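These notes are about the structure you will find just below.
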Amino acid sequence: MEMISLYLIAANVAGFALMALDKFLAQTHSRRVPERTLFGVALLGGSLGAWAGMYACRHKTKHWYFVVGMPLILVIQLLLAALWGRGYVV
């Protein structure tokens, strides 16, 4: 269980950091972090960090697919974690 916790912490830090990095790159007109990478990190467990990064950095908050997608990924992950914790998901 400790490894899972460390993984999730790292994934969420990465999600937050990538949102902050993409915001910085957007402001400096540099090459951006691909949106599929932002969603990929969220799907791999970093959804809370990515969602927090969106609002902390005010980034991607006008794109409906981020505004809807990030919390949706988080809710699905929380539901799967709850089911897994109760032994319903292997």
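Taking the stretch 32-90, which residues are in a loop (DSSP other than H, G, I, E, B) and either touching a His at 6+ places or on another chain (Cβ under 6 Å) or of a type in the set (Lys, Arg) (or both)? So that I can check it myself, show each step before the final result.
Quick first cut of the stretch 32-90, residues in a loop (DSSP other than H, G, I, E, B) only: 32-34, 57-63, 86-90.
Matches in the stretch 32-90: ARG32, ARG58, LYS60, LYS62, ARG86.
Here PHE16 clears all of (1) within 26 Å of LEU6 (Cα to Cα); (2) in contact with a Leu (Cβ under 8 Å, 6 or more places away or on another chain); (3) surrounded by 14 or more Cβ atoms within 10 Å (Cβ to Cβ) except the condition numbered (2). Looking only at the stretch 39-90, residues that are aromatic (Phe, Trp, Tyr) and either more than 27 Å from GLN27 (Cβ to Cβ) or at pLDDT below 95 (or both) come to 2 in all.
If you scan the stretch 1-31, which residues turn out to be hydrophobic (A, V, I, L, M, F, W, C) and not in a helix (DSSP H, G or I)?
First, the residues of the stretch 1-31 that are hydrophobic (A, V, I, L, M, F, W, C): 1, 3-4, 6, 8-11, 13-14, 16-21, 24-26.
Scanning the stretch 1-31 gives a single hit, MET1.
In the set LEU48, LEU83, only one residue is surrounded by fewer than 16 Cβ atoms within 10 Å (Cβ to Cβ) and either in contact (Cβ under 8 Å) with a residue 24 or more places away in the chain or more than 11 Å from the chain's Cα centre (by Cα) (or both); that residue is LEU83.
The values are calculated or read from the model by the stated rules, or taken from the named source; none is laboratory data. All values reported here derive from a predicted model rather than from experimental measurement. Methodologically, a virtual Cβ is constructed for each residue, glycine included, from the backbone with ideal geometry; neighbour enumeration extends over all protein chains shown.
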